[in-house]
Amino acid sequence: MKILFRLLALGLFLGLLGCGGGGGVGPRSTVKGKVTVGGKGPLTGGTIQFIPANGSYGAGVISDDGSYTVTDAPVGECKVVVDNSNLAGPSGGAPGVKMGKGKDNSKMGAAPKGAIIPGEMGGAKTASKYMKIDASFSKAETTSLKATLTRGANSVDFDVK
């Protein structure tokens, strides 16, 4: 069930990227960087979005080492949204937390052979371990993260709490 939820979430995320993520509106750029938590270590999974005033955003996946690459980010001042809530599981609890009737969701069977697991895209397997971060970073209306992107390559690191 957990794997099915992750596959559905990944499909929805990729569908949104294909249907409206970059949109091709205005000049675009590439952004690479790293997301850390409290300056102590990497955020081990999630997504990152660069959202300008016109709403034509660019998004990417955060790897288990905290690194990310967004190849279709908008140029200009952007709000930055970092969200890893999809890793918390369907109940919003962290993996390994007992959910209903004493079942521990970390002891579920392995994925069927050949299944695509989030974090294994591009040949690089990632742990994508859930780490609790402040919910304000996960919404454009409440995030305090910002970046001003220029044409070409950009490098921007972020620290969340």
With 20 Å as the limit, write out which pairs from Lys32/Lys146; Lys32/Lys132; Lys40/Lys161 have Cα-Cα distances beyond it, or answer none. Lys32/Lys132
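Could you put Glu77, Glu141 in order, starting from the residue whose Cβ has the fewest other Cβ atoms within 10 Å?
Glu141, Glu77
Every read-out reported here was derived from the displayed coordinates using simple, explicitly stated rules and does not represent laboratory data. Since the model is a prediction, treat every value here as computed from it, not as a measurement. In this analysis, Cβ positions are derived from the backbone assuming ideal geometry, glycine residues included, and neighbour counts consider all displayed protein chains.
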